[in-house]
Amino acid sequence: MTTDVVTENPGNAEIELPLAPQPGRRIRIRLAWTVPAAGLLAALAGAGLSGWAAVNAPLDELGDLGLAAVLGPAYWAGLVLLNVAFGIGLFAARPRTWLLTLATGGLVLAVYGAAALASPIPRGQVAWRHLGIVDNLITTGHPDRAIDAYFSWPGFFALAASFFQGTGLPPIEVIRWAPVWNTVLWLLALGVLMRQLTGRARLAWLAVWLFAAADWIDQDYFSPQAIAFLLLVVVYAVVLHRFRAEPGLGLRAALRAGGGADADAAAAGRAATLWDGARRWWAARKPVGDDLVPSWQRAALLLALATLAAAMVVSHQLTPFALAAGLAVLAIAGCTSAPRLPLVVGLLTVAWLVYVAVPYLVGHPPGVGAGDVRTLATTNVLDRLRGTPGHLTIQGTRLVVTAAIVGLAVWGVLRARRAGKLLGGHASGRAAVALAAGPVLLAPLQSYGGEMLLRVTLYCLPLVAFFAAISLLPRPGVPGWARRVAIVAVCTLLAAGAVTSRYGNAAFDMFRPDEIRAADVLYEYANPGDVLLAGARATPWRYRDYGEYRTVTLEDLCIGVDTQTCFQRVRSTVYRASTGRGLLLVTRSNGVSLDATGQLPAEQLAEFEGMLLTRPGVRILWQTADARIYELTHLARE
Amino acid sequence: MKKRIGAYIWLLIPAAAVLLPAAVAVGQPWRALAAIALFCLLPGLALAHWLPVGDRLTHLVLAVALSLSLATLISTVLFFAGQWTWQRCAEALIAITILACLPRVAGRRIRRSA
């Protein structure tokens, strides 16, 4: 039996059964619906299998390999099916948008919704802390910038306060599913961006898919950077949509010619000549495709982009710098007809720093640590490469996934040198390179708490995914079978690597009900003026009474010191509390995180807890299998 | 036919925005739906129609980004002014939505009566 896919009318099912088959001629059954139906089944089965496996994941067995180790074969089979469905949609004669959309939705649910499906408790201590900041804003009615840096950039939390109160939705459910909704918004914006970069629908879809499959960076939780990243991508997309330009002159030629025709400039020397050449090159840029737009509409669109930038500026410290850098490189490369836009973003950012974020600026002077490559490398990379074998495997997987997608992108850039032909008509490889290069400039400026490289990777990832897609799909048209299989295999491997990397810390960032209950009890026992201590940063606390208590962790006090010194530091911290009382919460996640990241062996934490109980003024207030609360009073009298 | 649908849309957007207080009284899920529409879509949709963006997807994405940005900026200003309530934020967004739709609706009525 031969199956013939009818490509002229792909939506219709057509079955042609000759009533009287002629001898020597085979029966041809045209099943135009067979392939898309297989894609539909694969997408639904993939999402269903992955979702089912995530819901039934045995979280009690979580180890230092994270969630990936307990998801089971059904999850991975589902992931493969989703990639196959995507491949079927992508490699049809005309990409099937409905199937690609369905498969992408399935991938988002499977990858970004896995933790939410597996547990009713939101993942990650930072999301819990963000909930506390929103609670503080709602309770006090104003951002108290003396509390911490979050209150110098309160935009996102102000939005969340209005959103929570306006919708009446339970905040816990909102933050639990935030990665899914944020990623859906990101992918929509990325779809628009990719359409500006290439006229080839297949290439644009593959780039979006690669982003979704390879993004292990885990910044899509309930956070200011998630919304700021969305705004960043939208600004990039609109700038390329309506303010794209092409350099009218080659830079080298312009600099060489410089003011050659101008005798005065030539006399003023080479610097003036170069300056004049650069000005000529700058002025020679030609807007692309916006001739018919009235100038008031262009101005209105610029105002809209400034509004997006302003929202970003009041919400997040780093993203406005990434935006300004990306747009500046775009302008310098001659790829935008709005070269003053980065200046506007820069001015907004500086104005906010100078007028509103002063308390933060005083404590963190700009430029400190800039260019200190050794410190940057240590805090961003080397400090992370330690811990238990499982944790090291996760870190290795993260490096491999990043290296793989960046390697593909570099290959894609080399191929895209023949951009006009390669990217299909109106695409601009130069603009994509410029936008990818901009955020990289931020990397040597600050360590950003050891997260700068992660953030820069995220800002570059849309463009990296674009060039990686070019390396996989270098020419228009449907590729051959070998390449199709290779593309699906690459996407599947990236997605598997990203799931493993993203949920690699699940043993200590997915909390158990007892740990949440312990944090509740901690606040019930706490009196105003007490100091609250936790074993490690991996604690689901600070979601309420955010500015009320001083909070400290053993991770901050005790790394690299012996048990006795650790106790002395705890004692002096408690002594400084106005009530002379401290409450120490030690949870299962605390022990696992300190042990897995190689900061404090589990035995040392157990030894510390054992020693605590021998001291006068220390008693256990509350305990379960997963958490203990110690009361520490009058420690200084010892 | 297309023009008539367009006219209704320009009436529907502000109408949907104004319906939020009513939805709050009715309760869930209408309250959540109305508030999500107001905070995440309607003001941007009303404004984006004035902007030179070509296709529907770009229009939608810009509308969402603009709505979220406006809600962020308005909430932030209200907090710094010590005047924040979510109702005030919603009222400001409703006002922006209506003001952005008004010229279109009024323009159509004037053209029709002329």
Output the residues belonging to the range A:428-477 that are within 20 Å of A:Gly87 (Cα to Cα), among the aromatic types (Phe, Trp, Tyr) and touching a residue at least 60 places away in the same chain (Cβ under 8 Å).
A:Phe466
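Looking at A:Leu82, A:Leu159, which is the one that is within 14 Å of chain B (Cβ to nearest Cβ), part of a helix (DSSP H, G or I), surrounded by 24 or more Cβ atoms within 10 Å (Cβ to Cβ) and not basic (Lys, Arg)?
Of the residues listed, the single one that is within 14 Å of chain B (Cβ to nearest Cβ), part of a helix (DSSP H, G or I), surrounded by 24 or more Cβ atoms within 10 Å (Cβ to Cβ) and not basic (Lys, Arg) is A:Leu159.
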In the range A:524-540, anything within 32 Å of the chain's Cα centre (by Cα) and not β-branched (Val, Ile, Thr) is listed as A:Leu532, A:Leu533, A:Ala534, A:Gly535, A:Ala536, A:Arg537, A:Ala538, A:Pro540
Mind listing whichever residues of the range A:552-579 are among the β-branched types (Val, Ile, Thr) and either surrounded by fewer than 17 Cβ atoms within 10 Å (Cβ to Cβ) or more than 14 Å from A:Leu533 (Cα to Cα) (or both)?
A:Ile559, A:Val561, A:Thr563, A:Thr565, A:Thr579
Looking only at the range A:135-150, which residues are buried (at least 21 other Cβ atoms within 10 Å of the Cβ), of a type in the set (A, V, I, L, M, F, W, C) and more than 10 Å from chain B (Cβ to nearest Cβ)?
none
Of the conditions (1) more than 11 Å from chain B (Cβ to nearest Cβ); (2) within 15 Å of A:Ala115 (Cα to Cα); (3) part of a helix (DSSP H, G or I), A:Trp181 clears all except one; give me its number.
(1)
Whether any residue in the range A:213-231 is within 13 Å of chain B (Cβ to nearest Cβ), part of a helix (DSSP H, G or I), farther than 23 Å from A:Met312 by Cβ and modelled with pLDDT under 95 is what I want to check.
no
Report, by residue number, each residue of the range A:524-544 that is surrounded by fewer than 17 Cβ atoms within 10 Å (Cβ to Cβ) and closer than 16 Å to A:Asn136 by Cα.
A:Pro528, A:Arg544
Is it fair to say B:Ser67 is more than 7 Å from chain A (Cβ to nearest Cβ), crowded, with 24+ Cβ neighbours inside 10 Å and among the small types (Gly, Ala, Ser)?
yes
Working only within the range B:24-53, note down all residues that are over 16 Å from the mean Cα position of the chain (by Cα) and either hydroxyl-bearing (Ser, Thr, Tyr) or more than 7 Å from chain A (Cβ to nearest Cβ) (or both).
B:Val24, B:Ala25, B:Val26, B:Gly27, B:Pro29, B:Trp30
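A quick yes/no check of all residues on (1) assigned to a helix (DSSP H, G or I); (2) closer than 16 Å to B:Leu42 by Cβ; (3) more than 9 Å from chain A (Cβ to nearest Cβ); (4) at pLDDT 90 or above:
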| site | (1), (2), (3), (4) |
| --- | --- |
| B:Leu78 | yes, no, no, yes |
| B:Gly82 | no, no, no, yes |
| B:Glu91 | yes, yes, yes, no |
| B:Ile96 | yes, yes, yes, yes |
| B:Ala100 | yes, yes, yes, no |
| B:Ala106 | yes, no, yes, no |
Checking A:Leu188 against (1) out of contact with any helix residue (DSSP H, G or I) (no Cβ under 6 Å at 6 or more places or on another chain); (2) among the aliphatic types (A, V, I, L, M); (3) facing chain B (nearest Cβ under 10 Å), the condition it does not meet:
(1)
Which condition number does A:Val344 fail, the rest of (1) in the same structural domain as A:Trp153 (by TED's automatic domain parsing); (2) assigned to a loop (DSSP other than H, G, I, E, B); (3) of a type outside the set (Lys, Arg) being met?
(2)
Restricting the range A:608-623 to residues that are assigned to a strand (DSSP E or B) and over 37 Å from the mean Cα position of the chain (by Cα), which is surrounded by the most Cβ atoms within 10 Å (Cβ to Cβ)?
A:Val618
Could you please let me know if B:Leu33 is surrounded by fewer than 19 Cβ atoms within 10 Å (Cβ to Cβ) and either modelled with pLDDT under 90 or among the hydrophobic types (A, V, I, L, M, F, W, C) (or both)?
yes
Can you name the residue in the range A:129-175 that is among the acidic types (Asp, Glu) and out of contact with any Phe, Trp or Tyr (no Cβ under 6 Å at 6 or more places or on another chain) and, of all such residues, is farthest from A:Ala311 (Cα to Cα)?
A:Glu173
Take the conditions among the acidic types (Asp, Glu), crowded, with 18+ Cβ neighbours inside 10 Å, on the phi < 0 side of the Ramachandran plot and under 38 Å from the mean Cα position of the chain (by Cα) and apply them to A:Asp595. Does it pass?
yes
Residues to consider are A:Ala32, A:Ala13, A:Ala68; find the one that is surrounded by 10 or more Cβ atoms within 10 Å (Cβ to Cβ), among the hydrophobic types (A, V, I, L, M, F, W, C) and at pLDDT 85 or above.
A:Ala68
Does any residue of the range A:427-442 turn out to be modelled with pLDDT under 80, within 24 Å of A:Arg244 (Cα to Cα) and of a type in the set (A, V, I, L, M, F, W, C)?
yes
Single residue of the range A:295-310 satisfying the filter (crowded, with 18+ Cβ neighbours inside 10 Å and within 9 Å of another protein chain (Cβ to nearest Cβ)) that is nearest to B:Ala65 (Cα to Cα):
A:Leu308
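The values are calculated or read from the model by the stated rules, or taken from the named source; none is laboratory data. Predicted, not measured: the structure shown is a model, and the values here were computed from it. Cβ: placed from backbone, ideal geometry, glycine included. Neighbour counts: every protein chain shown.
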